[in-house]
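The values are calculated or read from the model by the stated rules, or taken from the named source; none is laboratory data. Note that this is a predicted model, so its numbers are computed, not measured. Neighbour counts are summed over all protein chains in view; Cβ atoms, including those assigned to glycine, are modelled from backbone coordinates with ideal geometry. SASA here: full protein model, heavy atoms, side chains in, ligands and nucleic acids out. Shrake-Rupley method; radii C 1.70, N 1.55, O 1.52, S 1.80 Å.
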Amino acid sequence: MGAYAYRAPTNVEEALSTLAAEAAAGNRAQMLAGGTDVMVQMRSIDKGPRTFVDVKHVAEANELHIGDDEVFIGAGIASAVLNENDELKRILPGLIESADLIGSTQIQGRATIGGNLCNSSPAGDTIPALIACGAVCVIASPGGNREVPTEDFVTGVGTNVLESTEFLIGLRIPRPKGRSSDAYLRFIPRTEMDIAVCGAGVALTLDDAGICMAAKVSIGAVAITALVVPDAAAALVGTAVDDEALAAAADASSALAKPITDKRGTVEYRRKVVGVLTKRAGAIARDRALAL
Amino acid sequence: MSKQHVSTTINGDEVEFLCEPHQSLLEVLRDELGLTGTKEGCATGDCGACSVMIDGRLVCSCLMLGVEAQGVEVTTIEGIAGADGLHVIQQKYLEHAALQCGICTPGFIVATKALLDRNPDPDETTIRYWLAGNLCRCTGYDKIVRAVQDAAQNLAYEA
């Protein structure tokens, strides 16, 4: 019978040695970011003892860096902090709105994008948005940092590529250049604070004539993990992202979706709605890019 | 596992306490420190009854470990009123009858304080969205919104 413990390492090296020591002692270690999922799970479906390793004091996981070529968002940074950053909202509006959709003011004050990703729910709202904008997961590992594209991070319902001696430091996102923007939409039956029936993230780049040069589309809550939709992106590239192209992208998302029927919606409904969201998110991303 | 020692600041006072590593801040406030003004509603972050501020930011104390309070500034409902009486926000909740059973009220008042500290002149939509994480099963919310609007006007007048 193990016990609960709490550690607050202040840098990556210390955090890795904490995880290694816990693993060597046969203890379960769990990284703690905002805690808004972990605390609820600890009282319901997952009550076992463990050592919490708080990522919020790890210096590298608290960095928020907006560079010329890249944006880095540390795994310990609360959503409310991101949402109060006007530059970040301007550069990556879709990603920030996906984080802002999650939970109440109180939840926003603690919850993190990194935590949402590591919780690895099929309905995690930031995951399709991260995939669309090309985010790469920076993972601290005993052999040195390793990087994994967001679309390869989640492996199943609540599971991901992290080993017990590893943790997510943060996300590296290529800074959108020129007329590039993104958007994320989800459908819920109320106005806020609910779990996605389905969601869609679109990031795209337009040339000076308004023709789409590059696009990435990802959909959520319609399979065990968020999916990349290459055919939807292909339907947008080379077009002015007009109604016809958006309709083709919508069809591609609907075709790729493999949803289940549950209390939030049926297979048929989710398949239909995820197409609609793809179309609408694409139009929003286009209009944002045109306005730049 | 032995209890962990935590040094923190609560409502301006330096406080030290011992707690189990898995105890929530809410449990520590109520059961270890006797600060029972903060209420437990759902204990899953849905109702906002346990709202407190951590370094000025509104959070659910049920979703935070007590040990995470190390080195931060905690503001609870007990820290809202001044030495000379109720805070304007509390006074306006009373005047507008913005409470009935009262269980949600401490959380609403702390959430209102966090809002008005940040945005002294919020419109009704902003107020309703900001307070959407605080559930009240008695009032129907309208009286709460009026109390917040009136408090904002009074605070602006005083400033």
query = Pairs under 7 Å by beta carbon, first residue within 13 Å of chain B (Cβ to nearest Cβ) and in contact (Cβ under 8 Å) with a residue 40 or more places away in the chain in region A:184-199, partner open to solvent by 10 Å² or more (accessible area, probe 1.4 Å) and not in a loop (DSSP other than H, G, I, E, B), six or more apart or different chains?
reply = A:GLU192/B:ALA132; A:MET193/B:ALA132
ask   = Does A:VAL217 satisfy being farther than 30 Å from A:GLU60 by Cα and in contact (Cβ under 8 Å) with a residue 24 or more places away in the chain?
value = no
query = Which condition does A:GLN30 not pass, out of (1) open to solvent by 60 Å² or more (accessible area, probe 1.4 Å); (2) within 14 Å of chain B (Cβ to nearest Cβ); (3) not in a loop (DSSP other than H, G, I, E, B), if it passes all the others?
reply = (1)
message = I need a count of the residues in region A:59-90 that are over 19 Å from A:ILE127 (Cβ atoms), open to solvent by less than 30 Å² (accessible area, probe 1.4 Å) and either within 14 Å of chain B (Cβ to nearest Cβ) or in a helix (DSSP H, G or I) (or both).
response = 1
ask   = Given the structure, is A:GLY134 surrounded by fewer than 24 Cβ atoms within 10 Å (Cβ to Cβ), more than 14 Å from every other protein chain (Cβ to nearest Cβ) and not in a strand (DSSP E or B)?
value = yes
request  = Could you look through region B:2-44, keep only residues that are without any contact (Cβ under 8 Å) to a residue 40 or more places away in the chain and at positive phi, and pick out the one that is most open to solvent (accessible area, probe 1.4 Å)?
outcome  = B:GLY34
request  = Can you give me the number of residues within region A:39-58 that are assigned to a helix (DSSP H, G or I) and free of Cβ contacts under 8 Å to residues at least 60 places away in the same chain?
outcome  = 6
ask   = Within region A:16-25, how many residues turn out to be without any contact (Cβ under 8 Å) to a residue 24 or more places away in the chain and not hydroxyl-bearing (Ser, Thr, Tyr)?
value = 3
message = Restricting to region B:108-123, name every residue that is assigned to a loop (DSSP other than H, G, I, E, B), open to solvent by 80 Å² or more (accessible area, probe 1.4 Å) and closer than 26 Å to B:ASN11 by Cα.
response = B:PRO120, B:ASP121
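Any residue in region B:91-107 that is within 28 Å of A:HIS57 (Cβ to Cβ), within 11 Å of chain A (Cβ to nearest Cβ) and crowded, with 19+ Cβ neighbours inside 10 Å? Let's see the steps before the verdict.
Here is the first cut: in region B:91-107, the ones within 28 Å of A:HIS57 (Cβ to Cβ) are B:107.
Now drop any that are not within 11 Å of chain A (Cβ to nearest Cβ), which leaves B:107.
Narrowing the set further to residues that are crowded, with 19+ Cβ neighbours inside 10 Å leaves B:107.
Looking for residues that are within 28 Å of A:HIS57 (Cβ to Cβ), within 11 Å of chain A (Cβ to nearest Cβ) and crowded, with 19+ Cβ neighbours inside 10 Å, one finds at least one in region B:91-107, hence yes.
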request  = Check A:SER44 against each of (1) loosely packed, with under 14 Cβ neighbours inside 10 Å; (2) in contact with a strand residue (DSSP E or B) (Cβ under 8 Å, 6 or more places away or on another chain) and name the one condition it does not meet.
outcome  = (2)
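Can you tell me which residues in region B:130-142 are more than 14 Å from chain A (Cβ to nearest Cβ) and buried (at least 18 other Cβ atoms within 10 Å of the Cβ)? Break it down stepwise before answering.
To start, the set of residues in region B:130-142 that are more than 14 Å from chain A (Cβ to nearest Cβ) comprises B:137-140, B:142.
Passing the criteria: only B:THR139.
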key: Residues that are touching a helix residue (DSSP H, G or I) at 6+ places or on another chain (Cβ under 9 Å) and either in a loop (DSSP other than H, G, I, E, B) or under 15 Å from A:ALA75 (Cβ atoms) (or both), drawn from region A:7-27   = A:ALA8, A:PRO9, A:THR10, A:ASN11, A:VAL12, A:ALA15, A:ASN27
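Being among the hydroxyl-bearing types (Ser, Thr, Tyr), surrounded by fewer than 24 Cβ atoms within 10 Å (Cβ to Cβ) and part of a helix (DSSP H, G or I): is that true of B:THR126 here?
On the way: among the hydroxyl-bearing types (Ser, Thr, Tyr): yes; surrounded by fewer than 24 Cβ atoms within 10 Å (Cβ to Cβ): yes; part of a helix (DSSP H, G or I): yes.
When the stated conditions are applied, B:THR126 passes them.
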message = Looking only at residues that are within 23 Å of A:ALA33 (Cβ to Cβ) and assigned to a loop (DSSP other than H, G, I, E, B) in region A:170-207, which one is most open to solvent (accessible area, probe 1.4 Å)?
response = A:ILE195
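Quick one: which strands (runs of 3 or more DSSP E) lie wholly within region B:1-81 and hold at least 2 residues that are within 11 Å of chain A (Cβ to nearest Cβ)?
Once the strands (runs of 3 or more DSSP E) in region B:1-81 are filtered for at least 2 residues that are within 11 Å of chain A (Cβ to nearest Cβ), what remains is B:4-10, B:51-54, B:57-60.
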task = Output the qualifying pairs, or none if there are none: Cβ atoms under 7 angstrom, residues six or more apart or on different chains, first residue in region A:2-15 and within 14 Å of another protein chain (Cβ to nearest Cβ), second residue basic (Lys, Arg).
result = A:GLY2/A:ARG28; A:TYR4/A:ARG50
